[in-house]
1. In the chain, carbon and sulfur make up what percent of the accessible area (probe 1.4 Å)?
2. With viscosity set to 0.692 mPa s and temperature to 37 °C, compute the Stokes-Einstein D of the chain, Rh being the Kirkwood radius across alpha carbon pairs; µm²/s, no decimals.
3. Probe of 1.4 angstrom, ligands and nucleic acids ignored: what's the accessible area per residue over the chain, in square angstrom?
4. Could you please report the charge total around residue 82, scoring K, R as +1 and D, E as -1 over all other residues with beta-carbon less than 13 angstrom from its beta-carbon?
5. What does the charge dipole of the chain about its Cα centre add up to, to the nearest 20 debye, if the Cβ of each Lys and Arg holds +1 and the Cβ of each Asp and Glu holds -1?
6. Show me 131-137, 89-95 ranked by packing, highest mean number of other Cβ atoms within 10 Å first.
7. Once you order the gyration tensor axes a ≥ b ≥ c over the Cα atoms, which shape class does the range 74-125 get: rounded for a/c under 1.5, otherwise prolate or oblate by comparing a/b with b/c?
8. DSSP beta bridges in the chain, what fraction antiparallel, as a percent rounded to 5?
Amino acid sequence: GTQIRDDYRRFAEFEFDGEVEVKIKSNTFDLSKSQVIPSSIANKSTYADGVITVRLDENCNFAVNVGKDYRTTVGIFAYAPETDAPTEGSENVIYYGPGYHEETDFVVVPENKTLYLAPGCVLNAQVKVMGNGASVKGRGILRDRTYNLTAGKTQYKVGYMLYINDNVSNVTIKDIKIAD
C-alpha cells in the first residue's frame, strides 16, 4: 500500500566506439553491496577499493542498484556515436537543443515529422504523435509536465505524456529517456 521510490534521477551517458572502461565511485554510498544489472553486464564488472569497474566492448544500457538500497539506481547509457542527428532548422524536424524546455500546450508531431531531443535536452511537455511516419528520437529526456500535479493522488495515466494516435502507422520512438 505504500509507494517506495527514489525521487532522484541518476544517470550518465556517453558515446564510444570500440572498448571502454567505466568506473563508478560514490562519496555517499558504500558500493561494495551494489548490483550491476543485467547479468550479462554484471559478468563484465569488478569491485575494488570503493570503485565498480565495468569493461564494455559493445554499446549497451545498464544500471547499478546502489548499495543495499534497491530504490537508488544509476542508469548508464553507453551509446554508439550518433551519426544521423538532425540540426536545428532541419527540414521536417521539431528540434529541441540542450537545456531545459517547457511547453504548456501539447507538442504535436504530424505526418512524416520528427521530434528530436538533442543530448542534454530536458523537454517538460506532453507529446501527441498524430501522423503516419512520425518519429520521436534523440538522446534527450522527455518529462511529463503533469506528473507533479497528479503524484500521490489518483493513479497516474502515462498515456497522456506520450500519446500515439490509434489511427497512425509506421511510428518510431528511439533512444529518448522518459522521466516521471
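The values are calculated or read from the model by the stated rules, or taken from the named source; none is laboratory data. These numbers were taken from a predicted model, which means no experiment stands behind them. Quick reminder, even Gly has a Cβ in these numbers, built from the backbone with ideal geometry, and neighbours come from all protein chains shown. Quick note on the areas: whole protein, heavy atoms, side chains included, nothing else; ligands and nucleic acids left out. Shrake-Rupley method; radii C 1.70, N 1.55, O 1.52, S 1.80 Å.
1. On the way: 5110 of 10890 Å².
The nonpolar share, carbon plus sulfur, comes to 47 percent.
2. On the way: Rh = 18.3 Å.
Reported coefficient: 180 µm²/s.
3. 60 Å²
4. In short, -2.
5. Dipole of the chain, to the nearest 20 debye: 760 debye.
6. Packing proxy ranking, top to bottom: 131-137, 89-95.
7. Values: a/c = 2.03, a/b = 1.22, b/c = 1.67.
Judged from the Cα gyration tensor, the range 74-125 comes out oblate (a/c at least 1.5, b/c at or above a/b).
8. Counting DSSP beta bridges with both partners in the chain, the antiparallel share is about 35 percent.
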